[in-house]
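Okay, structure first, notes after.
The values are calculated or read from the model by the stated rules, or taken from the named source; none is laboratory data. These figures come from a predicted structure and were not determined experimentally. Every residue, glycine as well, gets a Cβ built from its backbone with ideal geometry; the counts of neighbours run over all protein chains shown. These accessible areas exclude ligands, DNA and RNA; they are computed on the full protein's heavy atoms, side chains included. Shrake-Rupley method; radii C 1.70, N 1.55, O 1.52, S 1.80 Å.
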Amino acid sequence: MSVLIDGRAMARELVERTAIAVAELEADGISPSLAVVLVGNDAASEVYVQRKIVQCAKAGIRSIEHRLAGDCDEATLMSLIEDLNRDAGVHGILVQLPLPAAFDASAILDRIAPEKDVDGFHPVNVGRLSTGTGGLVPCTPLGIMMLLDSVIEDYRGLNVVVIGKSNIVGKPVAMLLLEREATVTVTHIETRNLPDIARAADVVIAAAGAPHLVRGYWIKPGAIVIDVGITRMRDHDGSTKIVGDCATHELEHAKAVTPVPGGVGPMTIACLLSNTVAAARNLGARSSPP
Ligand code: NAD
């Protein structure tokens, strides 16, 4: 019988620890704050932004929401980012993705000051992650590592298969696992014999966005499965439900699995808060006199 890794409980604990860190920073005269930029009115983005704001409040982080119309020009967004970069009272900047199609998302993310890039998407932070030299780490991979840390003591030599090679999940989590001396195979839509590759893994991380892609026979007994996928599907009765990338009901023989919802999702938001505190601490240390 597999263990369900409780992402909600772990996220709650991380938010509580973050609240303590916020109080310590405030005692030093630093009030951690996060600027959240939302362009347009994508319904899912609205929900994600509101969740982030609610969690910020729980940790005592000040969040400032900036809303721009979906048809605003790119220069307006760039100039807002420049203002936030310069604002000493702002420690983290998050531009909610996806941006409307007319925007060059990568140029916009490149404009965020790397030290305020709490999503960890700026090329400087990506480079630091791939060279193992610090920087701000993307929230979902950071959360995945914390979930794994609850069931793995030593990663050395473990075979990990990552399904999906995106810049926000697959590639960065592979970098974090390599730092821990795991043997990592990154797979994607063109990978051949994926079930066979997965079956050899001690840990499978599914981040494909393909509902129930990972079946029971893909997973060897005793393996650990992290389900990152989130797909909204309509149920028989017309209601919507969230479905992950794994057929979790077929994974009884796994050692541990993360549920969807209630696994990676809550940890992603909690890690955004801890990244904001890390950014505030680093920026505060820079501005304090020697
Ligand atoms: P993406 O679309 O950028 O990348 C998907 C990757 O999966 C690609 O590399 C693609 O080649 C691969 N892939 C797709 N279908 C596949 C298949 N059938 N077999 C093998 N590989 C396949 O997606 P993303 O942004 O990395 O997100 C992946 C999933 O994770 C989505 O469902 C997304 O909603 C979810 N997600 C969840 C969180 C969270 O906090 N829980 C955070 C980020 C993303």
Residue satisfying condition, being buried (at least 21 other Cβ atoms within 10 Å of the Cβ) and either out of contact with any His (no Cβ under 8 Å at 6 or more places or on another chain) or not small (G, A, S) (or both), within set L283, L251: L251
Can you give me the number of residues within segment 226-243 that are under 19 Å from G164 (Cβ atoms) and out of contact with any His (no Cβ under 8 Å at 6 or more places or on another chain)? 9
Quick one: in segment 256-290, which of the residues that are under 14 Å from A88 (Cβ atoms) and among the aliphatic types (A, V, I, L, M) is nearest to the ligand (Cβ to nearest atom)? A279
Every residue from segment 140-162 that is touching a Cys at 6+ places or on another chain (Cβ under 7 Å) and open to solvent by less than 10 Å² (accessible area, probe 1.4 Å): G143
Qualifying strands (runs of 3 or more DSSP E) (wholly inside segment 171-238; at least 2 residues being more than 13 Å from the ligand (Cβ to nearest atom)): 183-187, 224-227
If we keep only residues of segment 235-253 that are β-branched (V, I, T) and touching a Gly at 6+ places or on another chain (Cβ under 9 Å), then the residue nearest to G222 (Cα to Cα) is V243
Could you please give the count of residues in segment 153-170 that are in a loop (DSSP other than H, G, I, E, B) and under 19 Å from the mean Cα position of the chain (by Cα)? 6
Screening T185, T191, T240, T268 for residues that are at pLDDT below 95, of a type in the set (S, T, Y) and open to solvent by 30 Å² or more (accessible area, probe 1.4 Å) leaves only T240
Quick one: which residue in L136, L109 is touching a strand residue (DSSP E or B) at 6+ places or on another chain (Cβ under 8 Å) and either closer than 20 Å to A21 by Cβ or open to solvent by 30 Å² or more (accessible area, probe 1.4 Å) (or both)? L136
Restricting attention to segment 239-255, and to residues there that are among the polar types (S, T, N, Q) and within 16 Å of the ligand (Cβ to nearest atom), which single residue is farthest from E16 (Cα to Cα)? T240
Note on segment 254-265: residues open to solvent by less than 40 Å² (accessible area, probe 1.4 Å), more than 27 Å from D119 (Cβ to Cβ) and in a loop (DSSP other than H, G, I, E, B) are A254
Failed condition for G222, given (1) without any contact (Cβ under 8 Å) to a residue 60 or more places away in the chain; (2) under 24 Å from the mean Cα position of the chain (by Cα): (2)
